[in-house]
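What follows is a short report on a single structure.
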Amino acid sequence: MITRKYEYVDEAAADAAIDLLRDEEGNLTEAVVKLGYLTTTPATYDEEGNELTPAIVSEKYAVDVHWKNVPNQVWQQYLVWPTPMGIHSFGSSSARDEYATAYCILYPNSTYCNPPIDEEI
């Protein structure tokens, strides 16, 4: 099984893509989680809990899919690679490991793939 992360211009575009993953009875053939517009910068608050600066959210609508087999090629153009695993994972250690391995193949110089050793900290 393969976990991948995608971003669409809005929820309607994500829903249209998700509809491509339905069988003849309308059931999803893959595990899909609609994450929505993700927070890119959290809000800040003072000591009393008053908001100082509002949260900033992504302009893209995020969706995660846990593919049973090979990812649908139509989805490929919407694929994104947040540092593993982003804000969501499907919970399976094999899914997390597969995603992390694929990420490190694509981004071998990433700090995630090359964490500092104790002497460097």
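For the range 79-96, the count of residues that are without any contact (Cβ under 8 Å) to a residue 12 or more places away in the chain and small (G, A, S) is at least one. Scanning the range 1-58 for residues that are over 14 Å from G86 (Cα atoms), touching a Leu at 6+ places or on another chain (Cβ under 8 Å) and polar (S, T, N, Q) yields a total of 2. Counted as qualifying within the range 1-95 are the strands (runs of 3 or more DSSP E) with 2 or more residues that are among the charged types (D, E, K, R) and surrounded by 12 or more Cβ atoms within 10 Å (Cβ to Cβ), namely 2-8, 56-67.
State whether the residues of the range 92-105 include one that is in contact with a Lys or Arg (Cβ under 7 Å, 6 or more places away or on another chain), closer than 24 Å to L21 by Cα and among the acidic types (D, E). Checking the range 92-105: not a single residue is in contact with a Lys or Arg (Cβ under 7 Å, 6 or more places away or on another chain), closer than 24 Å to L21 by Cα and among the acidic types (D, E). Checked across the range 97-117, the condition of being of a type in the set (F, W, Y), in a loop (DSSP other than H, G, I, E, B) and either open to solvent by 90 Å² or more (accessible area, probe 1.4 Å) or touching an Asp or Glu at 6+ places or on another chain (Cβ under 7 Å) (or both) holds for at least one residue. Cβ separations smaller than 9 Å between residues 6+ apart or across chains give the following pairs from the range 17-41 residues that are free of Cβ contacts under 8 Å to residues at least 24 places away in the same chain to residues that are small (G, A, S) and in a strand (DSSP E or B): T39/S58; T40/S58.
The values are calculated or read from the model by the stated rules, or taken from the named source; none is laboratory data. Small disclaimer: the values here were computed from a predicted structure and weren't measured. Ideal geometry is used to build each Cβ from the backbone, glycine not excepted, and the neighbour counts take in all protein chains shown. The protein model used for the area step is the full one, side chains on, heavy atoms only, and it has no ligands, DNA or RNA in it. Shrake-Rupley method; radii C 1.70, N 1.55, O 1.52, S 1.80 Å.
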